[in-house]
Amino acid sequence: MVITIKDETLAGKLLREIDLEFATEQVTVKDIISERVLHEVEDYNKKLPAFFNGLVEPSDAEKTINGYKLKPKRIIDAEKQVYVALDAFQKNGYFVLIDNVQSESLEQPVLLKKDTHISFIKLTPLVGG
């Protein structure tokens, strides 16, 4: 099942959309966050573009208007990025809204449907690997 994940501001302004594919309809918030971060890192590592646009800022990166610029350009550690993203969720670094309801825990079950709306609201810069 393919679900569109959205990054939004607190005011509801859409910043970015990402399509993610899940093997099952029954997932957890942890699965959603992990899949999102793994997708972003894999996409970046394949192409090594000038900027990384993702939930978690890689360590040694410079934040710019176009995303995070890595100095020097390098492969990002996906596992480290997932760890930082999950930790940040638990420390309220960002919110995950599922059908406009704030997720409370990483283990919260989510039943994905075609019309499931998932939004990430980032509150602070997240630094990872």
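The values are calculated or read from the model by the stated rules, or taken from the named source; none is laboratory data. Keep in mind the model is a prediction, meaning the values are calculated, not measured. Here Cβ is always computed from backbone atoms with ideal geometry, including for glycine, and neighbour counts include all displayed protein chains. Accessible surface areas use protein heavy atoms only, side chains included; no ligands, DNA or RNA. Shrake-Rupley method; radii C 1.70, N 1.55, O 1.52, S 1.80 Å.
At-a-glance table
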read-out	value
Matching residues, the stretch 1-44, being at pLDDT 95 or above and polar (S, T, N, Q)	Thr4, Thr24, Gln26, Thr28, Ser34
Matching entry among Glu62, Glu57, Glu21 (being under 18 Å from Ile3 (Cβ atoms) and charged (D, E, K, R))	Glu21
Hey, Gln90 farther than 15 Å from Val27 by Cβ, touching a Phe, Trp or Tyr at 6+ places or on another chain (Cβ under 8 Å), at pLDDT 95 or above and not hydroxyl-bearing (Ser, Thr, Tyr) or not	no
Number of positions in the stretch 45-63 that are farther than 19 Å from Glu17 by Cα and modelled with pLDDT under 85	5
Qualifying positions in the stretch 24-59 - out of contact with any helix residue (DSSP H, G or I) (no Cβ under 6 Å at 6 or more places or on another chain) and closer than 14 Å to Val110 by Cβ	Thr24, Glu25, Gln26, Val27, Thr28, Val29, Lys30, Asp31, Ile32, Glu35, Arg36
Tally, over the stretch 2-23, of residues that are open to solvent by 60 Å² or more (accessible area, probe 1.4 Å), of a type in the set (A, V, I, L, M, F, W, C) and outside any strand (DSSP E or B)	3
